1. Would you mind computing, in nm to one decimal, how far apart the modelled labels at B:GLU158 and A:GLN306 are, each placed 7 Å from Cα along Cα→Cβ?
2. Once the piece of chain linking A:LYS298 and A:ASP202 is laid out straight, how much longer is it, given 0.36 nm per residue of separation minus the C-alpha distance between them?
3. Greater than 22 Å separation of Cα atoms is the criterion. Which listed pairs, A:LYS285/A:LYS336; B:LYS206/B:LYS289; A:LYS305/A:LYS326; B:LYS268/B:LYS311, meet it?
4. Below 13 Å, Cα to Cα, which aspartates and glutamates can A:LYS537 reach? Residues fewer than 8 away in the same chain don't count.
5. How much space per residue, in cubic angstrom, does the convex hull of the C-alpha atoms of the range A:55-211 take up?
6. Enumerate the aspartates and glutamates that A:LYS554 could reach by cross-link, defined here as Cα to Cα under 19 Å, with residues fewer than 8 away along the same chain left out.
7. Label A:ARG545 and A:HIS104 with points 7 Å out from Cα along Cα→Cβ: what is the distance between them in nm?
8. Given R₀ = 25 Å, FRET efficiency for B:GLU130-B:ASP305 by Cβ-Cβ distance, to 0.05?
Amino acid sequence: MSNLTSRFKKFEVRVRIVRSWRGMAIGACLGAGACAVWALLDWRGVLFTEWSWMGAVLGVSALAGLMAGALLRVPQAALAASIDRRAGLEDRLTTARERQGGEHSFDDALQLDAEEKILTLQPNKVFPIRFGRWHGGALVLNALAAMLFLLGNTPIMLGEDARKAQEELKKDGKTVERITKKNFETPEAKSEMSEAEKKLADEMRKYQRELEKAHITKEESLQKANELNEQAEKLAKMAAQSAQQSLAQAETIRGQMEKGELQKAGLNDLAAQMASMSAADRKEKLAQAKKEAKDIQKQLDELKKQLDVINKKLANPKLTPEERKKLEKEKSEIQKAISALEAKKLENQAMQKALEMSQEARDIFKKMMEDPIYKQIMDLARKLEQDAESASQSGKGKMTDAEREALRKELEELAQKLKDPKAMKEYLDALLQAMLEAKRLGRCNGLSSGINGLLSMGLTSPPGPGAPTEDIWHGDSGKVYHLDKAAESKGKTTTSVISGQAREATGPQAYVEIKAPSLVGNRSSVPYQNVLPSYAKKAESALDRQQIPKEHQKRVKEYFESLTDSKKG
Amino acid sequence: MSEQIDATWFCETFERVRSEVQKVIVGQHEIVESTLVGLAANGHVLLEGMPGLGKTLLVRSLSRALSLDFSRIQFTPDMMPADVTGTNVLGEGRIFEFRRGPVFSNIVLADEINRATPKTQSAMLEAMQERSVTVGGKRYELQEPFLVMATQNPVEQEGTYPLPEAQLDRFFFKLIVPYPTKDELREVVNRTTGSQEQEPQAVATKEDVLRLRAIVREVPIANAVLDYGLSLIVATHPEGEGSSPVAQRYCRFGSSPRGAQSLITAGKVRALLAGRFNVSKDDLRASLKPALRHRILLNFEAEADGMTADKVLSQVQEFVDTQDRDPIKV
């Protein structure tokens, strides 16, 4: 490597540093431009964003620019030309670099001259780090993006009422976020969600964003909530049907499995039916059957004797045609009776045999039920069914994910030990499918309940007495889906003051008046503050007239006082 | 090390000659330097300026400083080619012998060359390009160094014969001699109206001039710089790749390849004068107008718009400079 080439090294490093600085600015500029567009879309409600997301875009683009600047090749010819330009070296380096090893008379002098000149240069002076147009552009675009984002996300341009309305919508957004997370954003739910559920979850998230950004009006919000509720209910209905089908299928498979066991033992259906009889009943029935068999035999013997007599009479050639005809008729009737009795006898014999065999079938069932593997499988299956049932009712299974997985593995291992693992596997699959559907049903029910709760609150109207709180959502079905307080669920309550909860914010209360048909189900959306004075007056009047039992009077009084105090506060 | 000595000698010699000429010529530094550049580059120079600006004096002073033969031809419309080249005359032994014309000199001052007829002007063609004359079918070599310095008056166009493009192209430089400034004029008056007149001394020889020319040819030029020079040439062409918008609009014809040769050679001389061993883009820029102004032919639109060759060349240079960006953007 010649001296001149080695001298270029430190300039190359410097160029990479300065390029990184510029590349970072270009990247930041592009990123900020993208953020500005994104912020504009966010403001218009087309594509939502957050500070953190925009920051990430900006950071990534700036970093990419920085890396590109640092890694891009620095051709030596370009470097020489650039130094010549910047340091006013009158193309000395460019020429000297080209003429390295040349044989012209001036080549050596040229090399010396170029080296001499480059030694006087400092890379940081030749390639200074400057605040250029790209940096300025990045700052301006950043400011623009921030401004657009703030315009779309801060209520500084709004009046007092509109600001409050926005605040309330944002609170609703938080509620929707909680509902969505609870139902759709658990790892379990994510892995099990169907396409329809995913779509619904996406819509919920979008709705949440719209609320958080307050990009929609209350009326639009209510309509959207209703639409989502309908979708959730529809999905829940479908999941319920599927769960029922799966459970029925599981039951059928189990029946078939048992039947298979009997067939293997050579027992028929009748024996299987009889297996459910008690021992005493079976004994009594068997005795009856035997007695009946004796009677039948006796009748048969009698009829056979009569038939022999008739046959002897018919053998007499002296019989007149009328007599013969009469005897033949009698013979025919006796034969018919004998046939009927013999059929009955066969039936009786089968019954007796079934009654005798039913003990054997019973023993098989007993043996099967007492088989530790089978017994264990049935126990585990019962647990799964209970979990599925619980999920379909309350939206929450009894078991944790880990427990379910362990159970599933255990079931599969046991099924392997059985004689007919295929049938057992089908049974287990049907059970697990039912459980899955039940969970889906639970999720959709949970979502629907959440939305209903939100709707019943009139979307941000303050929760008055009896109104749904964060933990209790009353859907329009009238059911209480979730009770967290164990004391309430067990009914062990103590007499205490029921404190009404007024909204913390002071000033005029905002509410949405819904024209018929009601968008909030069967509940009133009128804030309780509007009706409180009249009810308080009525209560006062009732107290005055001693219409309220004495033991409850104090409680009623304190109740209304607490509400009035909350309102003032 | 010998190259460095050569370069230093070049600068010193050049400076000595210039100083000597400047003893007589007041001001006109650019003209003096360009004339010397033409001399060192082995090119002929066309001087254009109003009468009395010291064109003839410059040439005479130069010849004295270089101790070269000097002849002056005052061109007139009735001048014949033989008056320039010389002719065969019947000698004493009744033998035709060639009598050399004024062109047989080291430095020839072709004063008011545009007053001669084209026929006479063309007699200069062979002399300037081939450095020889042919009379009576016999070729006579001119002695080196040979430098033609022609002058022409931009006014008084009546009765003149503008130089044909082919002849103009043979001039290395065309220099526009400007009016002296007031201070320069004062100095001129003081020098020429006083009792003592400065006379230039011979500070270089014929051999020195030839050595100067040899040194110039050794100066290297980088491809990028050469490319820049060629871009300037191409940008003067009214059409073709690299043509500049101003040339497309105002030029009928652009520079010839001789223009490129002149530009590069002049750049080499200027590089040495600047104490460098390489040609720079600035050297080419400095030589652009003298080397190309007589090589581009403007159209009527240029005339109508008041565009001169120098203005066009300025814009050509701007055009090429905008394309010649720093290869490393930081």
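1. A separation of 17.4 nm, rounded to one decimal place.
2. Here the segment from A:LYS298 to A:ASP202 would lengthen by 26.3 nm.
3. A:LYS285/A:LYS336; B:LYS206/B:LYS289; B:LYS268/B:LYS311
4. Within reach: A:GLU561.
5. 193 Å³
6. Result set, ordered by chain and number: A:GLU540, A:ASP544, A:ASP565.
7. 12.1 nm
8. About 0.05, to the nearest 0.05.
Every read-out reported here was derived from the displayed coordinates using simple, explicitly stated rules and does not represent laboratory data. This is a predicted model, so every value here is computed, not measured. Note that each Cβ is placed from the backbone with ideal geometry, even for glycine, and that neighbours are counted across all protein chains shown.
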